């Protein structure tokens, strides 16, 4: 594959994507076609040694050498990066941003109306090639461009192409932050489980494997459309133990709590972006 991919800011997430791209030779990516920049020469040297890629600290060189540029910097650092990119030749370049909140219109205020901007929202499970990545483009990409972008992100899990940019807020609430919801429930189970005489490490394994079991069953659901409630109904025998637990969740209005939490994520994402981009 002659196309070159450049990671401008190859932190934890960028490194995870690079690892995924190189993990399976069948996807066509090779180290010589992957470039990355880091803040320090030491970090660049580590990436180069770990993956065999072209890693350095020169963002302008990365832009010149790459066909696709993946922006892996934090939202608060994005303005400085875009100001640097604005002085580069971006003709025929496709820019993919991993930053939450910041909308395509904000990027074009600095890079110009002709800039091709793709938004992608992976989650922390990218480090184990188990991320769900939401992807949105307001440009009409040709099939080869879509295929390459899809190949990059299926290297770390699964992808969901979105019809509207506002759905990125939904992906952030569902998947980006969503993993933390499960961990929060698992932590509550771990704390509550101590009363039954288990050690913390035993509880951790019990709860983790229960979560793995739930995820495995969910992936096997062949109903149309699939509903997680299908499994609740199968497990919760009338008058049984699981039904008693689910009734407690219902009385506590769990659905409302989750809805409020997801609304808060989306609102906070927009607020952060508005604050960061007010002077762009």
Q. In the stretch 74-100, which residues are surrounded by 22 or more Cβ atoms within 10 Å (Cβ to Cβ) and part of a loop (DSSP other than H, G, I, E, B)?
A. 98, 99
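Just checking, which of 252, 211 is surrounded by 10 or more Cβ atoms within 10 Å (Cβ to Cβ), in the same structural domain as residue 190 (by the TED database) and without any contact (Cβ under 8 Å) to a residue 12 or more places away in the chain? Working first, answer last.
Values: 211 fails: without any contact (Cβ under 8 Å) to a residue 12 or more places away in the chain.
None of the other options fit; the residue is 252.
Looking at the stretch 219-241 only, could you name the residues that are in a helix (DSSP H, G or I) and under 18 Å from residue 255 (Cα atoms)? Before you say what the answer is, go through the steps one by one.
First pass over the stretch 219-241, keeping only residues in a helix (DSSP H, G or I): 219, 229-235, 241.
Within the stretch 219-241, 229, 230, 231, 232, 233 meet the criteria.
Could you tell me which of the residues 41, 10 is buried (at least 17 other Cβ atoms within 10 Å of the Cβ) and either free of Cβ contacts under 8 Å to residues at least 40 places away in the same chain or within 20 Å of residue 60 (Cα to Cα) (or both)? Break it down stepwise before answering.
On the way: 41 fails: buried (at least 17 other Cβ atoms within 10 Å of the Cβ).
Result: 10 is the single residue among 41, 10 that is buried (at least 17 other Cβ atoms within 10 Å of the Cβ) and either free of Cβ contacts under 8 Å to residues at least 40 places away in the same chain or within 20 Å of residue 60 (Cα to Cα) (or both).
How about the stretch 133-204: which helices (runs of 4 or more DSSP H) wholly inside it have at least 2 residues that are surrounded by fewer than 18 Cβ atoms within 10 Å (Cβ to Cβ) and assigned by the TED database to the domain that holds residue 260? Give the derivation first.
Details: elements: 143-154, 167-171, 178-193.
Those helices (runs of 4 or more DSSP H) span 178-193.
The values are calculated or read from the model by the stated rules, or taken from the named source; none is laboratory data. What you see is a predicted model; the values in this text were computed from it and never measured. Here the Cβ is made from the backbone with ideal geometry for all residues, glycine too, and neighbour counts use every protein chain on show.
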